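Bear in mind these aren't lab numbers, they're just calculated from the coordinates by the rules spelled out. In this text, all values refer to a predicted model and were calculated from it rather than measured experimentally. No Cβ is skipped: glycine too gets one built from the backbone with ideal geometry, and neighbour counts run over all protein chains shown.
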Amino acid sequence: MTPQPKALSVAILAMGGEGGGVLAEWIVDMAERAGYYVQLTSVPGVAQRTGSTIYYLEMLAATHGKDPVLALMPVPGEVDIVIASELMEAGRAIQRGLVTPDRTTLIASTHRVYSMTEKTATGDGRVDSAALLEGCRAAALRFLHQDFARVASDTGSVISAALFGALASAGALPFPRESFEDAIRRGGVGVEANLAAFAAGWCSHPCLPESAESAGHDSYATLAAERLTDYQDERYAAGYLTRLEALRAADPADNGLLRETARQLALWMTYEDAIRVADLKIRRARFERVRQEVRAGPSQLVAIHEFLHPRVEEIADILPAPLGAWLLRSHWARRLVVRFTRKGRVVETTSLTGFLQLYALAKLRPWRRRSLRFQREQDKIAQWLAAVHNLAREDYRLAMEVARLPELLRGYGDTHARGSREFDKLMQALPEFRRGSDPASRFQELREAALKGEE
């Protein structure tokens, strides 16, 4: 009995706005032109970033027998080609069993669109991209990867066209390059840009760009100083470097404590207050990035509306310290501020009026040193650095755990307030930890529990 021919199966995992459906339609059009039976289905889902959809198609060369019965959904272990528009989507495909080392060609973009759980984590909640890449290599028969989002951006197109080029170069489908390009032309939309992205995505061995070695302390400190100068001024950056010099003597071999302290200190000293937020929202680079993200043409107008909802505490933070402290103590003043701010407001930063409002707020930067939050943060930083310095010679492991403690101070609003309370509790309990056995492990356990929001 003659064995039945197997259908070629392709699964495309894409998020909203990335052209996953268009990519699937190009494949369908190309296969049908070549005389194949093709069936396409789509299953929408949620990726905690934007709508995520699995487009699944099967194709089988036409014969003189009966029409084939093709599957409606991908079956674990039975997928020939998986195309992922983002690295986490590739991880999702592997988790579902769609990628197997004996069969599957995996094509994935290596850029990341962070999920809500990654964005809202108190500490660094990002999934390790290196681990994802290693998992992809181990799971697939062939793994083709590149930052196809950047390829698309550089060519003024969308990621689906760049992925289509990578698919053509992989040789996993029995069609010549001309058939792929003709499918784009028949689509009739953005043909020139899509062909340019297709050509850029065509590569025999798509790969990640070589990554630079981790920067040492001095190069990191230089970058951090630039960040601090942009945040406040050169004197502020000089103060950052002076603070680190005091610790350098306690960690002369730079076994990690100095680097970790430098990283945490730079982030802490550039905390986001209303002044900083206003400054970032009106920068030319941000306007250009928004235009690029919405793919606006040179003659198109783009309006950007910001929803601002400052809390009383955030208003008090940027006031002169005595006035801010009074506002937080005064019941009637707090009620008055809440009455005017409880609904929030929308500011159009692309209008002259809206831009000037945020511009005036950003120009308060020279006054930041006198603000309530600035003085409060500087006091806490001094206490934290003193603790790290004192522990560096006595208990290096505990010093490292204390150096990581500012991870609790991320976020804003209630998240920041909760993290700040946990930070204060652990700092106050530090003397008790030092008297116990294995204080570093116990401190690490509580620090990590606080990062996860545990009581």
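General observations
- The orientation-averaged projected area of the convex hull spanned by the Cα atoms of region 222-309 comes to 8.1 nm².
- Shape summary of the chain, radius of gyration then Dmax from alpha carbon positions: 27.4, 91 Å.
- Among the listed pairs Lys363/Lys452; Lys281/Lys425; Lys343/Lys452; Lys343/Lys380; Lys281/Lys343; Lys343/Lys425, those whose Cα-Cα separation exceeds 28 Å are Lys363/Lys452; Lys281/Lys425; Lys343/Lys452; Lys343/Lys380; Lys343/Lys425.
- Relative contact order, percent, the chain [alpha-carbon distance under 8 Å, six or more residues apart]: 11
- Dimensions (Å) - region 8-201, Cα atoms, principal axes, largest first: 61, 37, 26
- Inter-label distance for Ala131 and Ala449, nm, one decimal - labels placed 7 Å from Cα along Cα-to-Cβ: 2.2
- Taking amide H atoms as placed 1.01 Å from N in the peptide plane, the amide H of Ile54 lies under 5 Å from those of Val43, Gly45, each 5 or more residues away in sequence or on another chain.
- Cα-projected label distance for Ala303 with Ser42, points at 7 Å along beta-carbon direction, nm: 2.9
- Structure-based [θ]222 nm, the chain - -39500 (n - 2.57) summed over DSSP H runs of at least 4, per residue, nearest 500: -17000 deg cm²/dmol
- Here the Karplus curve 6.51 cos²θ - 1.76 cosθ + 1.60, taken at θ = phi - 60°, turns the phi angles of region 374-379 into couplings of 4, 5, 5, 5, 5, 5 Hz, with x standing for Gly and Pro.
- Taking region 8-201 and dividing mean pair separation by its residue count, relative contact order in percent (alpha carbons under 8 Å, at least six apart): 20
- Cα convex hull volume per residue for region 262-318 (Å³): 111
- Cβ-Cβ FRET estimate between Arg284 and Ser441, R0 fixed at 51 Å, reported to 0.05: 0.55
- Separation in nanometres of the label points that stand 7 Å from Cα toward Cβ, at Leu267 and Glu192: 4.5
- Candidates Ala139, Leu8, Leu72 compared by Cα position along the dipole of region 8-201: farthest toward the positive end lies Ala139, with charges placed on Cβ.
- Stretchable slack from Leu352 to Arg421, in nm (0.36 nm times residue separation minus alpha-carbon distance): 20.8 nm
- Label zone at Lys343 (point 7 Å along Cα-to-Cβ), backbone N below 18 Å, region 289-315: 306-312
- Shown for Met73, Met88: other C-beta atoms within 10 Å of each C-beta, ranked fewest to most, produce the order Met73, Met88.
- The relative contact order of region 80-188, computed from alpha carbon pairs under 8 Å that lie at least 6 residues apart in sequence, is 27 percent.
- Taking 0.36 nm per residue of separation and subtracting the Cα-Cα distance, full extension of the segment from Arg434 to Ala246 would add 65.5 nm.
- Within region 130-182, chymotrypsin sites (Phe, Trp or Tyr not before Pro) in DSSP loop having at most 13 other beta-carbon neighbours inside 10 Å: none
- Annotation for region 300-345: GluC sites (Glu not before Pro) lying in DSSP loop with at most 16 further Cβ atoms inside 10 Å of their Cβ do not exist.
- Segment Thr229-Lys6, extension gain: residue separation times 0.36 nm, minus the distance between their alpha carbons: 74.0 nm
- Loop-located trypsin sites (Lys or Arg not before Pro) in region 318-363 whose Cβ has at most 14 other Cβ within 10 Å (DSSP): Arg342, Lys343, Lys363
- Inter-part distance where region 58-116 and region 306-367 are each reduced to a Cα centre, Å: 50
- Once the C-beta distance of Arg393 and Leu336 is scaled by a Förster radius of 60 Å, the resulting FRET efficiency is 0.70 to the nearest 0.05.
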